[in-house]
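Reviewing the structure listed below.
The values are calculated or read from the model by the stated rules, or taken from the named source; none is laboratory data. Remember, it's a predicted structure, so these values are computed and weren't measured experimentally. No Cβ is skipped: glycine too gets one built from the backbone with ideal geometry, and neighbour counts run over all protein chains shown.
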Amino acid sequence: APAMNSRMWANPIVQANVATLTKLGFRMVGPATGRLACGTEGAGRMAEPSEIIAAIEALTDNKQ
């Protein structure tokens, strides 16, 4: 569940790394959009814990 400032999230290097991880089969939840820790609004907010838990449960249910 990535969480960072919007400018960091939009950085081409970060996006290339996310694409690489996705191609390798890693799953990500988020980031969400909203008020960030730095006080600005935008993409980069950590996904809600309930959303992260739901994603984990979905993955573990598929493996049983």
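Observations
- Within the stretch 37-51, restricting attention to residues that are surrounded by 15 or more Cβ atoms within 10 Å (Cβ to Cβ) and either at positive phi or not in a loop (DSSP other than H, G, I, E, B) (or both), the residue that is farthest from the chain's Cα centre (by Cα) is G42.
- Qualifying residue in the stretch 24-36 (condition: surrounded by 10 or more Cβ atoms within 10 Å (Cβ to Cβ), on the phi < 0 side of the Ramachandran plot, in contact with a Leu (Cβ under 9 Å, 6 or more places away or on another chain) and in a strand (DSSP E or B)): no
- Cβ-Cβ under 6 Å pairs, at least 6 apart or on other chains, the stretch 31-57 side among the acidic types (D, E) and at pLDDT 90 or above, far side surrounded by fewer than 15 Cβ atoms within 10 Å (Cβ to Cβ) and assigned to a strand (DSSP E or B): E41/R35
- Filtered residue count, the stretch 32-44, keeping only those that are under 13 Å from R7 (Cα atoms) and in contact with a Lys or Arg (Cβ under 7 Å, 6 or more places away or on another chain): 3
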